[in-house]
Amino acid sequence: MNNNTPLPVTHRIYARIFELLETYPGGLHWSELLLKTKGSDGSFHPKTVNGCIWKLIEKFPDKVYKPSKGLFQLVKYKATIRGDDPTS
């Protein structure tokens, strides 16, 4: 892509999802993530946002995981939030 071509909407949605998850180290539940992502940009179609969240773990298993049903959290916060010792 050249500098004049805007990013595809899914790239923008994923970027926003990662910004939100960065802001909430303890993670966000599906409904919260959906509402916050949709609300952040009026041009995001709700079904596209839903589809991006649905595929989040599959697309980015090295960056996002689900510590419990419906909760999305960045992998980098896995040890610190759960209280695990990352050095052991």
* **Ordering of 24-35, 51-62 by packing [mean C-beta count within 10 Å, highest first]** => 24-35, 51-62
* To do: Would you please give the residues with an amide H less than 5 Å from that of V64, counting only those at least 5 places away or on a separate chain, with H modeled from the backbone geometry?
  => V75
* From largest to smallest, what semi-axes in whole angstrom does the stretch 9-82 give when each is the square root of 5 times an eigenvalue of its alpha carbon gyration tensor? -> 20, 12, 11
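Values quoted throughout were computed directly from the atomic coordinates according to the rules given, and no laboratory measurement underlies them. Worth saying up front: this structure is predicted, and the values here are computed from it rather than measured. Cβ atoms come from the backbone with ideal geometry, glycine included; neighbour counts cover every protein chain shown.
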